[in-house]
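Colleague: After the structure tokens below, expect a handful of questions from me.
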């Protein structure tokens, strides 16, 4: 995980100091977290969970087909992020997601998809998808950052689905 100085650096580069704890679902391709002995991150290139644990988030793994362009997607709703959690080529009843510190700064509200987007508009630090309930195009809130230094993984949550 990143050190505190890097986190402080993030806050200094944004126009606002707004920071939130948000969920991020990702792919796991190893058995880390399955039991108390499986605690070391793997070196598999297809295990994004372990990559985030070791190196933090990477725009190189951002989904180019995301609703708001390639970015790092998070949500305040864990079940929304659970939709992006999957075990890749492994069989396990355990699943993993992150609770992360996200420096949202000044967040631009988006009411419709913007697939070609690569960043928020000038004057903003992140984008926030507005829900159907408030006139937008998503069921659950989403926040997207386009800078690796705007998000810091804090907690890995291991869980089972019933």
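Colleague: Here are 71, 16: which of them is at pLDDT 95 or above and more than 15 Å from residue 99 (Cα to Cα)?
Modeller: 71
Colleague: Let me ask you something else. Somewhere in the range 114-134, is a residue part of a loop (DSSP other than H, G, I, E, B) and within 12 Å of the chain's Cα centre (by Cα)?
Modeller: Taking every residue of the range 114-134 in turn, none turns out to be part of a loop (DSSP other than H, G, I, E, B) and within 12 Å of the chain's Cα centre (by Cα).
Colleague: Please go through the range 53-78 and give me each residue that is more than 17 Å from residue 143 (Cβ to Cβ) and not in a loop (DSSP other than H, G, I, E, B), ordered by number.
Modeller: Result: 53, 54, 55, 60, 61.
Colleague: Does residue 5 satisfy the criteria of being assigned to a helix (DSSP H, G or I), over 11 Å from the mean Cα position of the chain (by Cα), at pLDDT below 95 and surrounded by fewer than 13 Cβ atoms within 10 Å (Cβ to Cβ)?
Modeller: yes
Colleague: Would you tally the residues in the range 19-43 being in contact with a helix residue (DSSP H, G or I) (Cβ under 7 Å, 6 or more places away or on another chain) and not in a strand (DSSP E or B)?
Modeller: Number satisfying all stated conditions: 5.
Colleague: What residue, of 91, 95, is at pLDDT 95 or above, farther than 17 Å from residue 144 by Cβ and touching a strand residue (DSSP E or B) at 6+ places or on another chain (Cβ under 9 Å)?
Modeller: Going through 91, 95 in turn, just one is at pLDDT 95 or above, farther than 17 Å from residue 144 by Cβ and touching a strand residue (DSSP E or B) at 6+ places or on another chain (Cβ under 9 Å): 95.
Colleague: Let me ask another. Please name all residue pairs, on different chains or six or more residues apart, with Cβ atoms under 7 Å, provided the first residue is in the range 37-52 and is in contact (Cβ under 8 Å) with a residue 24 or more places away in the chain and at positive phi and the second residue is surrounded by fewer than 18 Cβ atoms within 10 Å (Cβ to Cβ) and part of a loop (DSSP other than H, G, I, E, B).
Modeller: Pairs found: none.
Colleague: Which members of the range 93-113 meet the condition of being in a loop (DSSP other than H, G, I, E, B) and either without any contact (Cβ under 8 Å) to a residue 24 or more places away in the chain or crowded, with 16+ Cβ neighbours inside 10 Å (or both)? Before the answer, list the steps.
Modeller: From the range 93-113, those in a loop (DSSP other than H, G, I, E, B) are 93, 104-106, 111-113; that's our starting set.
Residues satisfying the conditions are 104, 105.
Colleague: Spot the failing condition for residue 148; the list is (1) crowded, with 17+ Cβ neighbours inside 10 Å; (2) free of Cβ contacts under 8 Å to residues at least 40 places away in the same chain, and only one is missed.
Modeller: With respect to (1) crowded, with 17+ Cβ neighbours inside 10 Å; (2) free of Cβ contacts under 8 Å to residues at least 40 places away in the same chain, residue 148 is out only on (2).
The values are calculated or read from the model by the stated rules, or taken from the named source; none is laboratory data. Model, not experiment: these values are computed from the prediction. With ideal geometry, Cβ positions are generated from the backbone for all residues, glycine too; neighbour counts draw on all protein chains shown.
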